[in-house]
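Participant: My structure is below; once you've seen it, I'll send some questions.
Computed from the coordinates by the stated procedures, all read-outs in this text should not be read as laboratory data. Note that this is a predicted model, so its numbers are computed, not measured. Glycine gets a Cβ as well: all are built from the backbone with ideal geometry, and neighbour counts include every protein chain shown.
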Amino acid sequence: GGRSYMPGSERTTENWNCMVDCPPQIYLIELEFGCSSAHTLPELTDGQSFHLALAREDCVYFLGGHIASTDCRPPRLFRLRVELLLGSPLLSCEILNDGLSITSAIATPIGSSHEYIILGGYQSDSQKRMLCTYVALDDVGIRIEPREPPEWNSEISQSRTWFGGALEKGSALIVIPSGTNPTPTDVYYVYQLGFQQEGDGEDPTQTCSQESTDFEDSAPLEDSEELYFGRDPNEMEYSS
């Protein structure tokens, strides 16, 4: 996954800063010996960005994502299996049904080591994904089930953009700009969401706190940019 600038031979004044999808290749990196290899699979025909990747043992599941060449978010779900055989690795990819049309979502671990709540993100350029989804990985495969979302307050519901990330198990942050409120344009509100299991073996339910914190001196962020809490992003250039 990921994106890069267009090749120099294809760049013009009009599209100089345009981004394109990277080739849909799988890279295996061997940290012990410091080597890597690139693999092309016939099932992966398009590049993608802003997707989710969840792994269990030798399988990696890719959910959603955005394709720059067609500007779409197909409900895709791939299962990549990597077998580290003696001599060379064996990779196989399977296209599964019932994927998610989603980008820039948050995967928050809950319960066991391979259970997640998927929240946030977008289902189109102008529409946030307000639903929550339960995802479990086991020996059989992947299980995806809808879940009731928290009761979003008006600021979250009416905001055009949002972003965030997972904290510790069962906890996530949602960040929204101040919007039309009479505050500076670089102020953001931060909400913490909590997810918990009700009893052993039962489905997870969600609770959402409505506490918020203003973060000033922060530049507007895009999907691929990083969020620095309480610091000017320019300071990071001089920190080790």
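Participant: Taking the Cα centre as origin and putting +1 on Lys and Arg beta-carbons and -1 on Asp and Glu beta-carbons, what dipole magnitude results for segment 1-103, to the nearest 20 debye?
Facilitator: Dipole about the Cα centre, nearest 20: 180 debye.
Participant: Once you have a ≥ b ≥ c as the square roots of the Cα gyration tensor eigenvalues for segment 15-172, tell me rounded if a/c is under 1.5, and otherwise prolate or oblate according to whether a/b is larger than b/c.
Facilitator: Here segment 15-172 falls in the oblate category.
Participant: So, counting K/R as plus one and D/E as minus one, what does the shell of residues with Cβ under 10 Å around Phe78 add up to?
Facilitator: Residues close to Phe78 contribute a combined charge of 0.
Participant: Over all directions, average the projected area of the Cα convex hull of segment 65-105 and note it in nm².
Facilitator: That works out to 4.0 nm², a quarter of the Cα hull's surface.
Participant: Follow-up question, since we're still on this one. Residue by residue through segment 23-28, which ³J(HN,Hα) values in whole Hz follow from phi under the Karplus form 6.51 cos²θ - 1.76 cosθ + 1.60 (θ = phi - 60°), with glycine and proline marked x?
Facilitator: x, x, 10, 9, 10, 9
Participant: For segment 1-103, take N as its residue count and report Rg(C-alpha) divided by 2.2 N^0.38 Å.
Facilitator: So segment 1-103 has a normalised radius of gyration of 1.21.
Participant: So for segment 3-61, what percent of the C-alpha to C-alpha distances run longer than 18 Å?
Facilitator: In whole percent, the long-distance tail amounts to 55.
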